[in-house]
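What follows is a set of notes on a single structure, which appears directly below.
The values are calculated or read from the model by the stated rules, or taken from the named source; none is laboratory data. Bear in mind that the values here come from a model prediction, so they are computed numbers and not experimental data. Here the Cβ positions follow ideal geometry from the backbone for every residue, glycine too, while neighbour counts run over all protein chains shown. Areas reflect the complete protein model, heavy atoms only, side chains present, ligands, DNA and RNA absent. Shrake-Rupley method; radii C 1.70, N 1.55, O 1.52, S 1.80 Å.
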Amino acid sequence: MPELCRLTVREAAGALRAGQFTPAELDRDVRAAIAARDGTLRCYAWLAAPQEFPATATAPPPPAGERPLWGVPGALKANMATRGEPTDCGSRLLAPWRAPYDATVAERLRAAGSHFLGKTNMDEFAMGSSTEHSAHGPTRNPWDPERIPGGSSGGAAAAVAADLAFYALGSDTGGSIRQPAHCCGVVGLKPTYGRVSRYGLVALASSLDQIGPLTKDVADCALVYAAIAGHDPRDSTSLAAPVGDPVAAAARPARGLRVGVPWTLLAEGVDPDVTADFEATLADLRAAGVTVVGVDLPTLPYAIATYYIICTAEASSNLARYDGVRYGRRAGAAADLAAMVAATRTDGLGAEVKLRILLGTFVLSAGYHDAYYRRALAARELMRDDFRRVFAACDAVALPTAPTAAFRLGEKLADPLQMYLSDVFTAPANLTGLPALSVPTGLDRAGLPLSLQLIGPPLGEETLLTLAGETERARGFRARKEAAWISKR
Ligand code: GLN
């Protein structure tokens with residue numbers, strides 16, 4: 001059977017139920033693809049031993065409507081816990097650590113009938129926009145192996161784009177689902193803060209982190225999101241609101257919805273191909289009956305500065321637990337406890353992680369706390385107010401996902417500020433807790449994918465899926481990718 005791995009989750013699930021092939025055959029096909037291509041791409045930080053299919057291979061499929069991911073394997077980012085398995089967060093320090101329990105998202109996906117091929121590569125502790133800050137080395141972009149796949153969920157995005165997983169879960173603190181989705185031409189959703197349980201997610205910045213799906217299309221995004229969303233008593237920030245019917249929302253026409261565009265944010269630093277594709281996408285949405293209005297978000301230019309204060313402050317506190325006593329690697333032969341902790345962290349953590357711990361410790365320290373951290377919290381409130389006002393006039397805000405297409409490996413490594421600017425359009429949704437989705441829309445002059453980002457009001461995931469579904473139908477990205485990839489296969 002040729003290339004089952006190229007199916008979407010929905011196609012694969014439908015064909016499995018129709019008995020066209022078995023879960024074991026599907027699993028074997030995608031593992032063969034991984035064996036053939038992952039040596040170059042390095043999407044995976046760890047591969048699970050091949051699944052045995054005693055029950056599923058022989059048992060008939062579950063009844064329609066039950067276990068919607070039955071037999072369809074996915075991948076988890078390497079910061080999501082599964083019991084007894086590596087969860088190293090792309091760090092040397094956590095390489096020997098085995099998680100003692102399953103993340104809620106892993107439990108829910110298994111309950112929906114899925115299983116996992118492995119853990120995907122990431123920037124160490126999810127700090128980065130290129131997946132170059134990983135102890136495993138970089139993941140390469142399947143559209144062009146000389147380019148980065150985005151980050152920090154770069155392994156997840158590249159795996160889905162290259163058909164090495166039917167779907168993957170990423171985490172997004174400042175853009176780490178949406179920006180790699182954009183770089184690799186897949187769909188990525190960061191749900192509303194609290195919508196998906198973070199139980200079993202290794203924390204980067206607890207007030208910003210969210211888990212969400214990376215998928216081949218919008219319908220799959222809705223399907224995987226529906227499987228993982230909803231209240232979890234084990235996460236104190238988890239929201240109780242019902243999830244609704246995201247799958248139906250993704251198929252609904254977007255006619256009558258209003259999209260707001262903060263044009264002034266696009267005035268500087270955005271690649272002309274990005275702007276042209278963005279405008280063409282808006283024109284297509286207008287033709288589908290969507291109203292496009294101009295909106296003003298005057299505090300958004302402060303998002304990057306605000307994000308890098310809050311994120312580093314929280315990270316410096318969260319990462320204090322990696323002291324060599326409780327988790328992972330411990331440096332040997334130290335004279336006393338303080339020396340052991342220092343040696344463990346010096347040896348186990350990479351340069352970007354150390355930089356951020358220093359920055360975060362600085363912005364929280366006596367004398368600087370009020371000047372930096374407190375002001376960042378105030379700026380965050382102003383951004384919330386900005387969006388609240390704008391959502392009186394529109395159903396979602398539209399922006400490009402990132403100012404450029406995927407950049408070259410090494411291009412921004414020496415200049416952290418340039419790397420940080422990759423998140424200029426994505427960080428606002430994390431600071432405000434709003435849901436945001438990235439959907440591929442076209443290709444730039446080098447043939448690299450470009451995307452539209454949609455930001456919604458709190459719990460507005462269904463509106464985002466409706467608009468993204470319309471965008472996908474209008475732009476025909478899958479056909480563009482097929483044409484572009486004929487020579488790559
Ligand atoms: N690129 C951003 C950072 O480096 C976002 C990371 C993330 O969302 N995990 O912090």
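Along segment 210-215, what does the Karplus equation 6.51 cos²θ - 1.76 cosθ + 1.60 (θ = phi - 60°) give for ³J(HN,Hα), rounded to whole Hz, x for Gly and Pro?
Result, ordered by residue: 9, 9, x, x, 10, 9 Hz.
Please list, in chain and number order, the residues 5+ apart from Val290 or on another chain whose amide H is under 5 Å from its amide H, with Hs placed from the backbone.
HN-HN under 5 Å from Val290: Gly256.
On full extension of the chain, what length is gained from Arg83 through Leu355, given 0.36 nm per residue of separation minus the C-alpha to C-alpha distance?
Here the answer is 94.8 nm.
Show the residues, 5+ positions off or on another chain, whose built amide H is closer than 5 Å to the amide H of Trp46.
Close amide H contacts, sequence-distant or interchain: Lys119.
Tabulate in residue order the Karplus-calculated ³J(HN,Hα) for segment 441-451, using 6.51 cos²θ - 1.76 cosθ + 1.60 with θ = phi - 60°, rounded to whole Hz; enter x for Gly and Pro.
Working through the residues one at a time gives 10, x, 10, 8, 5, 8, x, 9, x, 10, 9 Hz.
Each residue of segment 117-124 in turn: what ³J(HN,Hα) in whole Hz from Karplus with 6.51, -1.76, 1.60 and θ = phi - 60°, glycine and Pro shown as x?
Result, rounded to whole Hz: 7, x, 10, 8, 5, 7, 4, 3.
Please report the net charge: other residues with Cβ closer than 12 Å to the Cβ of Ala343, K and R +1, D and E -1. Display every interim value, and only then the final one.
Working: positive: Arg329, Arg330, Arg345; negative: Asp323, Asp336, Asp347.
Around Ala343, the surrounding residues sum to 0.
With each label point set 7 Å from Cα along the Cα-Cβ vector, what nm distance links Ala49 and Ser236?
Distance between label points: 3.9 nm.
Any idea of the accessible area per residue across segment 128-279, 1.4 Å probe, to the nearest Å²?
Solvent-accessible surface per residue comes out at 26 Å².
Take every DSSP beta bridge whose two residues both sit in the chain, then give the antiparallel share in percent to the nearest 5.
DSSP beta bridges in the chain are roughly 75 percent antiparallel.
With each label point set 7 Å from Cα along the Cα-Cβ vector, what nm distance links Arg98 and Glu279?
The answer from the label model is 5.8 nm.
Quick one: net charge around Thr82, please, counting Lys, Arg +1 and Asp, Glu -1 for every other residue with C-beta under 10 Å from its C-beta.
Net charge around Thr82: +1.
Take every Cα pair under 8 Å in the chain that's 6+ residues apart, average their separations, divide by the length, and report that relative contact order as a whole percent.
Computed over the chain, the figure is 17 percent.
Counting heavy atoms of the protein chains only and a 1.4 Å probe, report the per residue accessible area for segment 1-52 as a whole number of Å².
51
Give the percent of DSSP beta bridges with both residues in segment 74-228 that are antiparallel, rounded to the nearest 5. Provide the component values of the computation, followed by the final result.
Numbers: 11 of 16 bridges.
Here the antiparallel bridges make up roughly 70 percent for segment 74-228.
What accessible area per residue comes out for segment 399-489, rounded to a whole number of Å², with a 1.4 Å probe?
Computed with neighbouring chains in place, this is 34 Å² per residue.
Volume per residue, Å³, of the convex hull around the alpha-carbon atoms of segment 1-160?
Enclosed volume per residue, from the Cα hull, is 111 Å³.
So, counting K/R as plus one and D/E as minus one, what does the shell of residues with Cβ under 13 Å around Asp273 add up to? Before the final figure, lay out each step's value.
On the way: positive: Arg445; negative: Asp271, Asp277, Glu279, Asp444.
Residues close to Asp273 contribute a combined charge of -3.
When the accessible area of the chain is computed with all protein chains present and a 1.4 Å probe, what percentage of it is carbon and sulfur?
Ligands and nucleic acids excluded, carbon and sulfur give 56 percent.
Considering the zone a paramagnetic label at Ser317 would reach in this model (a point 7 Å from Cα along the Cα-to-Cβ line), which residues of segment 348-369 have amide N under 20 Å from it?
353-369
Gain in length, Val325 to Thr40, computed as 0.36 nm per residue apart minus the alpha-carbon separation, to one decimal in nm?
99.0 nm
Could you list which residues have their amide H under 5 Å from that of Thr441, counting only those 5 or more apart in sequence or on another chain, with H placed in the peptide plane?
Leu450, Ser451, Leu452
Give the ranking of Thr404, Thr361, Thr264 by solvent-accessible surface, highest area first, calculated with a 1.4 Å probe.
Thr264, Thr361, Thr404
How far is it, in nm, from the label point at Ala333 to the one at Ser487 when both lie 7 Å from their Cα along the line to the Cβ?
5.5
Report Arg478's accessible area, 1.4 Å probe, all protein chains in place, as a number in Å² to the nearest 10.
120
For segment 256-335, run through the GluC sites (Glu not before Pro) and keep only the ones in DSSP coil with at most 16 other Cβ atoms within 10 Å of their Cβ.
Of the GluC sites (Glu not before Pro), the ones in loops of segment 256-335 whose Cβ has at most 16 other Cβ atoms within 10 Å are Glu268.
Which pairs, out of Lys190/Lys481; Lys412/Lys481; Lys190/Lys216; Lys119/Lys488; Lys77/Lys190; Lys216/Lys488, put more than 20 Å between their alpha-carbon atoms?
Beyond 20 Å: Lys190/Lys481; Lys412/Lys481; Lys119/Lys488.
With each run of n ≥ 4 DSSP H residues scored as -39500 (n - 2.57), what mean residue ellipticity at 222 nm is computed for the chain after dividing by its residue count and rounding to the nearest 500 deg cm²/dmol?
Details: 17 runs with 182 residues, N = 489.
Mean residue ellipticity, 222 nm, calculated: -11000 deg cm²/dmol.
Take every Cα pair under 8 Å in segment 332-468 that's 6+ residues apart, average their separations, divide by the length, and report that relative contact order as a whole percent.
For segment 332-468, the relative contact order is 21 percent.
If you average the sequence gap of Cα pairs under 8 Å that are 6 or more apart and divide by the length of segment 213-265, what percent do you get for the contact order?
30
Just to be sure I understand the curve: with the Debye formula and one point per C-alpha of the chain, what is log10 I(q)/I(0) at q = 0.06, 0.09, 0.14 Å⁻¹?
With no solvent term, the Cα-only Debye profile gives -0.24, -0.55, -1.40.
Leaving ligands, DNA and RNA out of it, rank Tyr302, Tyr372, Tyr193, Tyr420 by accessible area with a 1.4 Å probe, largest first.
Ranking Tyr302, Tyr372, Tyr193, Tyr420 by accessible area, largest first, yields Tyr302, Tyr372, Tyr193, Tyr420.
Largest first, how would Ser236, Ser316 line up by accessible area (1.4 Å probe)?
Largest to smallest exposure gives the sequence Ser236, Ser316.
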